[in-house]
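Enquirer: Structure below; questions to follow.
The values are calculated or read from the model by the stated rules, or taken from the named source; none is laboratory data. These figures come from a predicted structure and were not determined experimentally. Every residue, glycine among them, receives a Cβ derived from its backbone with ideal geometry; neighbour counts consider all protein chains shown. Ligands, DNA and RNA are excluded from the accessible area calculation, which covers all protein heavy atoms including side chains. Shrake-Rupley method; radii C 1.70, N 1.55, O 1.52, S 1.80 Å.
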Amino acid sequence: PGRVISKLLCSGEKEVNLAVQSAKAAFKIWSQMSGMERSRVLLEAARIIREQREEIATLETINNGKSIFEARVDIDISWQCLEYYAGLAGSLAGEHIQLPGGSFGYTRREPLGVCVGIGAWNYPFQIACWKSAPALACGNAMVFKPSPFTPISVVRLAEIFTEAGVPKGLFNVVQGGVATGQFLCHHPDVAKISFTGSVPTGIKIMEMAAKGIKPVTLELGGKSPLIIFSDCALENAVNGALMANFLTQGEVCCNGTRVFVERKILDVFTKEVVKRTQKIKIGDPLLEDTRMGPLINRPHLDRVQGFIRQAKEQGAEVLCGGDLYVPDDPKLKNGYYMRPCVLGNCTDDMTCVKEEIFGPVMSILPFDTEEEVVERANNTKFGLAGGVFTRDIQKAHRVVAALKAGMCFINNYNISPVELPFGGYKASGFGRENGRAAIEYYSQLKTVCVEMGDVESVF
């Protein structure tokens, strides 16, 4: 924490061009292979990741600062993602449509070409797998740019793909910041851009892609509601709130950071959440019992601290945490640590309730009726996720049906099975990652119409 682990050169226009050209050459080979052939290569990549789980997880923890316990989960989701799309690769097909007089039509599902993936720093390896697995399964090539704050683990993924037998250059990594991203988005040989990150950057990417009429998938921020009804299983709901706020130091786009609690149980719920939050073990993320590591960098830590200061000024009450944490271990003393924070006395108009903080800060808001809480939950420009805790299953389904969000949870939170589509409504973006849905965003449909008789001319 606080130390330089490696230095990498930013890729300029020349390097981006080389990466795209090499991906283009590899695409020619890969796109001509059968789905089953591609499937075997992806399965081999999944096997290597599974085999090297510990080593890759350690690399990810050093890369990002998240606990080793969480990093292992990320790596497991990564190889499962590759396995899932390997399973679909052989079944990608069009359809045959009977037309009058023995004529017929058929559709072909074809790859797009060279796709660009731009990743965020919170799940570096996992995001790269979420983007590359469906892209490669559909027959595309990919040039991937990780965040400049977490450049390392994705390079390992590129090595693994090569080891597994993809054509040389099929999955390329370029390093850099804004300028590198711009070269990728403007490149004439790039067919599609998939971006995970902030709303302002997402807007810029969409503008750049528009100039080349390139399709985009945007997975942007959130300010997701977590609704706790008084008929919930309390311990379960408390666990859910912790999962919805403090994974990866709170640096998660789908976090349920607006925790709406039915007034009847507000005090008991709040007391329990504060007690549990204070017990979260902060420290060296490579130790087995650590549950929270340092934040990504100094500017981000300062930004999160600024949100907490502002919340206090606007009348929120800091129920626990929010202050900087200095671990006992002298080698960690310059780390970007803070104690996870719970804010009480919050109202809907506070900045901490309206804007994405992207740190370990939970805002608790009381509510009285189902109708009221649904309206307040939807009163946001975001729409990435939402959660409901209740024992009344009809109410649970009714409420998630009314939530304007792409990923909803009932009696759980922040689990992301690769079989289920993931993505947002409204300013949280569009397009989907994972599940069968992602296939739509990495392929295009060609229609072929075949005439079996004579052409009837109107001329």
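Enquirer: Give the residue list of GluC sites (Glu not before Pro) in the range 1-100 that are DSSP loop and have at most 13 other beta-carbon atoms within 10 angstrom. Walk me through the numbers on the way to the answer.
Expert: Details: sites: GLU13, GLU15, GLU37, GLU44, GLU51, GLU54, GLU55, GLU60, GLU70, GLU83, GLU95; in loops: GLU95.
For GluC sites (Glu not before Pro) across the range 1-100 that sit outside H, G, I, E and B with at most 13 neighbouring Cβ atoms in 10 Å, the list reads GLU95.
Enquirer: Just the Kirkwood number for the range 243-336, please: inverse of mean 1/r across all distinct Cα pairs, in Å, one decimal.
Expert: Values: mean 1/r = 0.0669 Å⁻¹.
Evaluated over the range 243-336, this radius sits at 15.0 Å.
Enquirer: May I ask which residue of ALA89, LEU8, ILE77 lies farthest towards the positive end of the charge dipole of the chain, with charges of +1 (Lys, Arg) and -1 (Asp, Glu) on Cβ and the Cα centre as origin?
Expert: It is LEU8.
Enquirer: So in the chain, what percent of DSSP beta bridges are antiparallel if you round to the nearest 5? Walk me through the numbers on the way to the answer.
Expert: Working: 18 of 55 bridges.
Once the DSSP bridges in the chain are tallied, antiparallel ones form about 35 percent.
Enquirer: Where the Cα atoms of the range 13-221 are projected onto their three principal axes, how long is each span, largest first, in whole Å?
Expert: Principal-axis extents of the range 13-221 (Cα, largest first): 65, 40, 31 Å.
Enquirer: Using +1 on the beta carbon of Lys and Arg, -1 on that of Asp and Glu, and nothing else charged, what's the dipole of the range 275-331 about the Cα centre, debye to 20? Provide the component values of the computation, followed by the final result.
Expert: Details: 10 positive and 9 negative charges, 40 e Å.
Here the range 275-331 has a charge dipole of around 200 debye.
Enquirer: Moving to a separate point now. Please list the three semi-axes, largest first and in whole Å, of the ellipsoid equivalent to the range 225-410, using sqrt of 5 times the eigenvalues of its alpha carbon gyration tensor. Numbers along the way, then the final one.
Expert: Values: eigenvalues 161, 57, 44 Å².
Those come to 28, 17, 15 Å.
Enquirer: Which entries in LYS281/LYS312; LYS275/LYS333; LYS264/LYS333 show an alpha-carbon gap greater than 32 Å?
Expert: Among LYS281/LYS312; LYS275/LYS333; LYS264/LYS333, the Cα-Cα distance tops 32 Å for LYS264/LYS333.
Enquirer: Still on this structure, I have one more. Let me spell out the model: positive unit charges on the Cβ of Lys and Arg, negative unit charges on the Cβ of Asp and Glu, origin at the Cα centre of the range 13-221. What dipole size does that give, in debye rounded to 20? All intermediate terms of the calculation are to be shown ahead of the outcome.
Expert: Numbers: 20 positive and 19 negative charges, 101 e Å.
I would put it at about 480 debye.
Enquirer: What is the distance in Å between the Cα centres of the range 28-51 and the range 298-333?
Expert: The range 28-51 and the range 298-333 have Cα centres separated by 45 Å.
Enquirer: Let me ask you something else. Putting +1 on Lys and Arg Cβ atoms and -1 on Asp and Glu Cβ atoms, find which of HIS300, ILE49, ILE203 reaches farthest to the positive end of the dipole of the chain.
Expert: Selected residue: HIS300.
Enquirer: Straight-line reach from LYS131: which lysines have Cα under 22 Å away, leaving out those fewer than 8 places along the same chain?
Expert: Correct list for LYS131: LYS24, LYS28, LYS66, LYS145, LYS168, LYS192, LYS204, LYS214, LYS426.
Enquirer: Which Rg and Dmax, in Å, describe the Cα atoms of the range 312-450?
Expert: 20.0, 74
Enquirer: Follow-up question, since we're still on this one. Compare the peptides 306-318, 417-429 by average per-residue count of other Cβ atoms within 10 angstrom and give them in order, highest first.
Expert: Details: 306-318: 15.5, 417-429: 19.9.
Ranked by mean Cβ neighbours within 10 Å, highest first: 417-429, 306-318.
Enquirer: Here is a follow-up. Assuming a viscosity of 1.567 mPa s and a temperature of 4 °C, what translational diffusion coefficient in µm² per second does Stokes-Einstein assign to the chain, Rh being the Kirkwood radius over Cα pairs?
Expert: Details: Rh = 23.3 Å.
Stokes-Einstein gives a translational diffusion coefficient of 56 µm²/s.
Enquirer: Something else about it: Calculate, in whole percent, how much of the Cα-Cα pair population of the range 362-441 lies beyond 21 Å. Write down the numbers at each step before the final one.
Expert: Working: 991 of 3160 pairs.
Distances greater than 21 Å cover 31 percent of the Cα pairs.
Enquirer: If you roll a 1.4 angstrom probe over the protein chains with everything in place, what fraction of the accessible area of the chain belongs to carbon and sulfur, to the nearest %?
Expert: Details: 11060 of 20080 Å².
The value for the chain is 55 percent carbon and sulfur by accessible area.
Enquirer: How much FRET efficiency would the formula 1/(1 + (r/R0)^6) give for LYS168 and ILE213, where r is the Cβ-Cβ distance and R0 is 30 Å, rounded to 0.05?
Expert: Calculated value: 0.50.
Enquirer: Could you give the distance between the Cα centres of the range 193-222 and the range 98-136, to the whole Å?
Expert: If we compute the Cα centre of each part, the gap is 17 Å.
Enquirer: Ok, one more. Send over a whole-number figure in Å² for the accessible area per residue of the range 225-410, probe 1.4 Å.
Expert: Working: 7960 Å² over 186 residues.
Result: 43 Å² of accessible area for each residue.
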